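These notes concern the structure reproduced below.
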Amino acid sequence: MIQILVKEFNGFLDSLIAYIVIGVFLTVVGLMMWVFPETSVLEYGYAEMNTLFSFAPFVFMFLIPAITMRMFAEEKKSGTLEFLFTHPLTDWQIVLGKFFSSWLLVVVAIMPTIIYYFTLSEISSPAGNIDTPGIIGSYIGLFLLGGVFTSIGILASSITSNQIVAFVIAVFLCFILYSGIDSLSVLMDSSSTQVLLEELSVIHHYNAMSRGVIDSRNVVYFGSVIVLMLSITKIVLGSRKW
C-alpha cells in the first residue's frame, strides 16, 4: 500500500494537479473569507471561520473528483491497470494506496488555512476571543468530509475508463450524499423518515462536528461511509470486468 501511496502522491507533485488543486482551493476560500463583502469575516464583525467551513465542502465537490477521476479510469484506458494487478499486491492495498494518496493531497490543501485561525485570534477583541473548540471540530469534520468525497471519487473512477464520466459521477454522488438527502428529508411527511434521511446525510454530521462536540457517532458515520465506498470499489475491481 505504501508503495502505491508514494507513487501516486509523487505523481501529483510531478504534474500540475497538486498545485492547481491547492491554488484553486486557497484562492476561492481566501476570497470568500477575506475579500468578498457578502462573506468576508472583516465585514461580518465576528471572529469565526464559518465562511471557510460552509463553502469548502462545495469547492471540494468539484476539486476532489478532479483529483480522483484519473486514479483507475486512466489506468483502465491505457491498459496499465491489468499490469498493476500482476504485481504482488492485493486489491485492498491498491485501493487504499490510491485513496490515501488522494486524501493526503486534500489534507495538504487544507493545512495552510490554519493561518486564518491565528490571524483571527490576533485581530479579535480581545485577542484570543475565538471559538477554538468549534474550529477544531470543524477542521476534523472537514478532514473527514474530504475522506468521504475522496472515497466517492475513487469509486467513480473504478467503474469507468472515461475520466470525464468519472468526474461527473463523483460530483453527482458527492452532492447527493452531502446535501441532496438532507433536502429530500424536508419533503417527507413522516417525521421518522425525515430523521432517518437526516441521519444518512453528510451535512447533518458535518454540522454537528462544527459545533465543537466530537461525538463518536459522527466519526463512526464518516468512517462507515468511507469503508462502504472503498469496499464497493474493491468489489468492482475484483470483478475484472473492464
Against the condition farther than 16 Å from residue 154 by Cα, free of Cβ contacts under 8 Å to residues at least 60 places away in the same chain and part of a helix (DSSP H, G or I), how does residue 58 come out, does it pass? yes
Selected residue (criterion: nearest to residue 159 (Cα to Cα)) from residues of segment 199-242 that are of a type in the set (Phe, Trp, Tyr) and crowded, with 18+ Cβ neighbours inside 10 Å: 222
Where a residue in segment 33-47 is within 15 Å of residue 120 (Cβ to Cβ) and among the aliphatic types (A, V, I, L, M) and its partner, wherever it lies, is assigned to a loop (DSSP other than H, G, I, E, B) and modelled with pLDDT of 75 or more, with Cβ under 6 Å and at least six apart: 47/130
Report, by residue number, each residue of segment 199-242 that is at positive phi and either in contact with a Gly (Cβ under 6 Å, 6 or more places away or on another chain) or among the hydrophobic types (A, V, I, L, M, F, W, C) (or both). 212
Suppose we filter segment 31-53 for residues that are exposed (fewer than 15 other Cβ atoms within 10 Å of the Cβ) and at pLDDT 80 or above; how many remain? 3
Could you please find all residues in segment 106-122 being exposed (fewer than 13 other Cβ atoms within 10 Å of the Cβ) and more than 24 Å from the chain's Cα centre (by Cα)? 122
Within segment 124-142, restricting attention to residues that are assigned to a helix (DSSP H, G or I) and among the hydrophobic types (A, V, I, L, M, F, W, C), which residue is nearest to residue 232 (Cα to Cα)? 142
Count of segment 77-123 residues which are closer than 20 Å to residue 3 by Cα, free of Cβ contacts under 8 Å to residues at least 40 places away in the same chain and assigned to a helix (DSSP H, G or I): 4
How about segment 128-172: which of its residues are within 16 Å of residue 224 (Cα to Cα) and without any contact (Cβ under 8 Å) to a residue 60 or more places away in the chain? 143
Would you say residue 65 is at pLDDT 85 or above, in a helix (DSSP H, G or I) and either under 19 Å from residue 158 (Cα atoms) or small (Gly, Ala, Ser) (or both)? yes
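The values are calculated or read from the model by the stated rules, or taken from the named source; none is laboratory data. This one's a predicted model, so the numbers in the text were calculated from it and none came from an experiment. No Cβ is skipped: glycine too gets one built from the backbone with ideal geometry, and neighbour counts run over all protein chains shown.
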